[in-house]
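Laboratory data are not the source of any read-out in this text; all were calculated from the coordinates shown. Since we're looking at a predicted model, the values are computed, not measured. Virtual Cβ from ideal backbone geometry, glycine too; neighbours counted across all protein chains shown.
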Amino acid sequence: MGSLAMAGMLQGNARGADAHRTTSGTPALANGFHLPQRAKRVIYLFQSGAPSQLDLLDYKPLLNERQGTELPDSVRGGQRLTGMSGNQSSLPLVGSPWKFSKHGNSGAEISELMPHLATVADDLCIVRSMHTEAINHGPGVTFLQTGSMFPGRPSMGAWVDYGLGQENEDLPSFVVMVTKNKSGQPLVSRLWGSGFLPSRHQGVRFRSGKDPVLYLNNPDGIDASSRRDVVTALEQLHQIKLGQTVDPLVQARIAQYELAYRMQASIPDATDLSDEPEHVFNQYGPDSKNPGTFAANCILARRLAERGVRFIQLYHQGWDHHGGLPKGLPRQCSETDQASAALVQDLKQRGMLKDTLVIWGGEFGRTNYCQGKLQPGNFGRDHHPRCFSVWMAGGGIKAGMTYGGTDEFGYNVTENPVHIHDLQATILHQLGIDHERLTYKYQGRQFRLTDVHGEVLHDVIA
């Protein structure tokens, strides 16, 4: 009886609300989607460090009019501040030094720092009313990626892989790329980890260079035939173990060894950009021929999307402008603007944007006041969780739309607030997943990406 109970508990760990993963590794939603699927894949362009919405996507002319004056207490409303500006004797307002213009038929207001994004304004849904409880980077990024500010939860891509499984058995469903040679807030592997889900659902990080995936290639003296023999022998040993006990970890090991073997052939083809025509590199910008840059990673993201990878996460660091914003922000935009817009255009030209959801944004926003002393031609902005902006394109999201609004100071949400869990619920919804029904039992309770919150943003769905 004890053995039967233990076997049942181990099987229960792999159980979702509607279905469960079998010994063959079938997805949790193997019997069909919860909802009509509008997006087959997600490309998330995560701008780590928190871009300043006030200088890019949410223009506030009042800040320019009141430059250097004090942030009114009535606007702040007693909100807690970070330790970096909380003890300042003065919180002087600072407007954006860059010009904003309306673009496209939608009239979307976009900063001159993003001229390429402005050309695809009618393909975007700009959300200006995002908000979060997190006020520092570690909890903020963790919250957006995993649905919790505390480490240990599965990442969004892991949940998608758990729910939908692989579309291409020769490639992982969840791939992560980090722009090379960038400094900023640290990015740790738990941000794309599987948490308490089986490890087979964690993201696979692709790097620039001759070995995109570490330890994938055979060492000297080992050929493909020898590696196949090793993988076969390991699977036989694992099957013997499975015959003794039902252990999801053993199942995960079998699947990972097999995937790694198949990836030895599929990864070189997917990551070799030499067959891309010259006009594609011109479209994505001069950095696109330099492996590991944001532009090159955007091209690779499109290639992976074409090959059936479901969740592709690009991280670009360096947006944390507590000081030196007038010099730092233009540099960040020059590294990302053209490639981000090109990705939207490229997907659209190939007929893929309609079922590919592209998302751009950071973990929170920036303050309307200057951190430290406001100086001529130089200022910085602190963390601001009460409101920030992201944009989405494709995947069944309404195009040419600006959703939500903030007050004239750019400090508080005044219209259609969007919480982190609302965004996550909407992403899953477009993939055909009901965020309340994709669950995993762990430590005696059913967990989900959106915890016990989250509302789908039906107003932004086409």
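Tabulated data for the structure shown
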{"item": "Net length gained if the chain between residue 354 and residue 150 were fully extended (0.36 nm per residue, minus Cα distance)", "result": "70.0 nm"}
{"item": "For 274, 208, 129, order by how many other beta-carbon atoms lie within 10 Å, fewest first", "result": "274, 208, 129"}
{"item": "Among beta bridges that DSSP assigns inside segment 2-460, antiparallel share in %, nearest 5", "result": "50 percent"}
{"item": "In degrees, nearest ten, helix 2-12 long axis to first principal axis of the chain (Cα)", "result": "40 degrees"}
{"item": "Over 18 Å (Cα to Cα) - which of 40/210; 180/210; 40/289; 60/373; 40/354 fall in this group", "result": "40/210; 40/289; 60/373"}
{"item": "Acute angle (nearest 10 degrees) that the helix 420-430 long axis makes with the longest principal axis of the chain, alpha-carbon atoms", "result": "50 degrees"}
{"item": "Contact order relative to length of the chain, as percent, for alpha carbon pairs under 8 angstrom and 6 or more apart", "result": "30 percent"}
{"item": "Under-5 Å amide H pairs with residue 461, H placed in peptide plane, nonlocal only", "result": "398"}
{"item": "Lys, Arg +1 and Asp, Glu -1 on Cβ, resulting dipole of segment 354-436 about Cα centre, debye, nearest 20", "result": "380 debye"}
{"item": "Among 69, 316, 158 - extreme Cα towards positive end, dipole of segment 2-460, charges at beta-carbon", "result": "158"}
{"item": "Farthest positive-ward along the chain dipole, Cα basis, beta-carbon charges - from 389, 175, 325", "result": "175"}
{"item": "Length-normalised contact order of segment 340-462 in % [C-alpha pairs under 8 Å, at least 6 apart]", "result": "20 percent"}
{"item": "Helical mean residue ellipticity (222 nm; -39500 (n - 2.57) per DSSP H run of 4+; nearest 500) of the chain", "result": "-9500 deg cm²/dmol"}
{"item": "Normalised contact order of segment 103-146, rounded percent, pairs of Cα under 8 Å and 6 or more residues apart", "result": "30 percent"}
{"item": "Unit charges on C-beta of K, R, D, E only; dipole of the chain, Debye", "result": "660 debye"}
{"item": "Helix 325-349 vs. the chain, principal-axis angle (Cα, 0 to 90°, nearest 10)", "result": "50 degrees"}
{"item": "Note, ³J(HN,Hα) from phi for segment 50-62, Karplus 6.51, -1.76, 1.60, rounded to Hz, x at Gly and Pro", "result": "5, x, 7, 5, 6, 10, 10, 10, 9, 6, 10, x, 4"}
